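Remarks on the structure that follows.
The values are calculated or read from the model by the stated rules, or taken from the named source; none is laboratory data. For clarity, every value in this text was computed on a predicted model and none was experimentally measured. No Cβ is skipped: glycine too gets one built from the backbone with ideal geometry, and neighbour counts run over all protein chains shown. These accessible areas exclude ligands, DNA and RNA; they are computed on the full protein's heavy atoms, side chains included. Shrake-Rupley method; radii C 1.70, N 1.55, O 1.52, S 1.80 Å.
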Amino acid sequence: DFVILHQGGFKHAVSPLGTSLTKEQALLLRRYTEEVILAFDADAAGEKAALRGIDLLVEEGFRVRVARLPSGVDPDEVVCASGADSMRRYLDTALSMFDFLVECARKRFNCGDPEGRISAVQFMLPTIAKAPGSMRKAEYVRMLSQCFDIDEQALRSELAKAETYRVVADTIRPKNRVKAVNGAERVVCALVLDDPRRAEAFSCSCALEDIQ
């Protein structure tokens, strides 16, 4: 895919080697650009890779879009079968991160009933919680409210919980290895998720890894 895209004139194409986009690769990309278009294969594995890539890239401050290729077709096959202009059209019409998440959520859940809409929102909120900037998050919440007909204030409350969970998870995860969460840490996480205002009290009184 990488070689064929370059031969087709897409000189800013890079490959994460399969679908294993890493944080280190995201940091390297950040030196050169602020926007990334993901063009993974149009299958279940490619969609999963795109979702993981969005989480990584959004957290590093990228604007992310996702090119929707035809089902069962790789990027190199688009160029070889239909030419570079065809691939360029897919890139030009790539979905925004938000619209791609909505599309994935609607495929996974029955958004015609309240429980399905709640599940769809819960599917999207962890990624939105990673987005930098309060204004960007506020706009995503407004759009979520309109898309799924859910009260905006309720969404803001759930987003606060998702943000707190992310902070707590980062706190209990050492830099170079993942540590198993013990019983006491689970209790702390549950208390903070129940009321995000408790996070500051816990952070002031002790480090989570010190709780025994």
query: Among the residues of the range 1-29, how many are closer than 21 Å to Lys48 by Cβ, open to solvent by 60 Å² or more (accessible area, probe 1.4 Å) and in a helix (DSSP H, G or I)?
result: 3
- line: Given the conditions (1) under 19 Å from Phe2 (Cβ atoms); (2) open to solvent by less than 30 Å² (accessible area, probe 1.4 Å), every one holds for Leu91 apart from (2)
task: Tally the residues that are among the acidic types (Asp, Glu) and within 20 Å of Arg89 (Cβ to Cβ), restricting the search to the range 35-73.
output: 2
message: Residues that are of a type outside the set (D, E, K, R) and open to solvent by 40 Å² or more (accessible area, probe 1.4 Å): does the range 59-71 have at least one?
response: yes
task: Answer yes if at least one residue in the range 36-43 is within 13 Å of the chain's Cα centre (by Cα), surrounded by 11 or more Cβ atoms within 10 Å (Cβ to Cβ) and touching a residue at least 60 places away in the same chain (Cβ under 8 Å), and no otherwise.
output: no
message: Among the residues that make up the range 70-83, is at least one of them polar (S, T, N, Q) and more than 30 Å from Asp151 (Cβ to Cβ)?
response: yes
query: Of these, Val66, Val3, which one is modelled with pLDDT of 90 or more and farther than 30 Å from Glu139 by Cβ?
result: Val3
field: Among residues of the range 30-59, those that are touching a Phe, Trp or Tyr at 6+ places or on another chain (Cβ under 9 Å), assigned to a loop (DSSP other than H, G, I, E, B) and among the small types (Gly, Ala, Ser), counted
entry: 1
query: Restricted to the range 158-183, and to residues that are farther than 17 Å from Asp55 by Cβ, exposed (fewer than 12 other Cβ atoms within 10 Å of the Cβ) and not charged (D, E, K, R), which residue is modelled with the highest pLDDT?
result: Gly183
field: Looking only at the range 109-132, and only at residues there that are under 22 Å from Val192 (Cα atoms) and of a type in the set (Gly, Ala, Ser), the one that is most open to solvent (accessible area, probe 1.4 Å)
entry: Ser119
- request: Scan the range 96-108 and give yes if some residue there is under 17 Å from the mean Cα position of the chain (by Cα), closer than 23 Å to Ser15 by Cα and surrounded by fewer than 17 Cβ atoms within 10 Å (Cβ to Cβ), otherwise no.
  value: yes
